Amino acid sequence: MDAFGSALPDDHAAHPPDICVICEERSLIRTLVSRWMEQSFPFRLIHVNHAEEIEEEHYQARLLVLSARSTLFDGELAPKKAHFVPIVFDDGFTSHNARWWKVRGAKGLLDLRDSAECWAHCISLVLAGGEAATPAASSALEEANEKHGLQLLSKREMQVAQHLVRGLSAEQVAKKLGTTVGTIKNQRKAVYGKLKILRATQLPWAMGNGVRRSGVRL
């Protein structure tokens, strides 16, 4: 994306959002996105690295723009008390993760392969109360199937996958979830089968959101 692309139409200034929370841990991407947002929208920006850092004081924000590569959510993107509208951006959406984020409440999907003008148009539609996706993200959504990839996982399999993708062993996951190691290994096998992968190193990609493993910054 051109970080110095064009701004919003003039009529958007009549209804300026108050605060935009940007959730991204990679400093270069955060700088590029923030610089573009500052030039294109009348937001006051607040930066957080991870979803865990989003607190109730941020819930009054008009917009939450979060990176699919540094954030993992178990449920809805916006807590019931939150007023912000969630938008997710990625380096390149796939049918795996585009659908996954959409189901969890993302009102907009922004792909870094698309132009700054596409980003501005998508955000404008979302702020106007609609839902939108930039062209590359839209193509990924069209390719997605409701019973594809992550959508095939049961609730427990998703919980297991979320722990495994962070680098936990089967023994550690079993302890956290209060079950046996054998059960976790069976669920791990089911996860690998449904995501069509063979080993743990493929799990971050298959999960589609680039969740960082312990000690590794993506």
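The values are calculated or read from the model by the stated rules, or taken from the named source; none is laboratory data. A quick note: this is a predicted structure, and the numbers were derived from the prediction, not measured. Virtual Cβ from ideal backbone geometry, glycine too; neighbours counted across all protein chains shown. Just the protein is used for accessible areas: all its heavy atoms, side chains included, with ligands, DNA and RNA removed. Shrake-Rupley method; radii C 1.70, N 1.55, O 1.52, S 1.80 Å.
Could you check region 111-141 and list, in sequence order, the residues that are of a type in the set (S, T, N, Q) and open to solvent by 50 Å² or more (accessible area, probe 1.4 Å)? Correct list: 139 only. Pairs linking a residue in region 158-173 that is more than 13 Å from residue 191 (Cβ to Cβ) to a residue that is open to solvent by 40 Å² or more (accessible area, probe 1.4 Å), with Cβ atoms under 6 Å and 6 or more positions apart or on different chains, are 167/213; 167/214; 171/181.
Pairing residues of region 34-58 that are within 11 Å of residue 22 (Cβ to Cβ) with residues that are open to solvent by less than 60 Å² (accessible area, probe 1.4 Å) and of a type in the set (Ser, Thr, Tyr), at Cβ distances under 8 Å and at least 6 apart in sequence or on separate chains, gives 45/34; 47/34; 49/70. Out of all the residues in region 99-110, is one or more open to solvent by 40 Å² or more (accessible area, probe 1.4 Å) and farther than 18 Å from residue 206 by Cα? Yes - at least one qualifying residue is present in region 99-110.
Within region 157-179, does at least one residue satisfy the condition of being among the charged types (D, E, K, R), closer than 20 Å to residue 197 by Cα and in contact with a His (Cβ under 9 Å, 6 or more places away or on another chain)? Within region 157-179, none of the residues are among the charged types (D, E, K, R), closer than 20 Å to residue 197 by Cα and in contact with a His (Cβ under 9 Å, 6 or more places away or on another chain).
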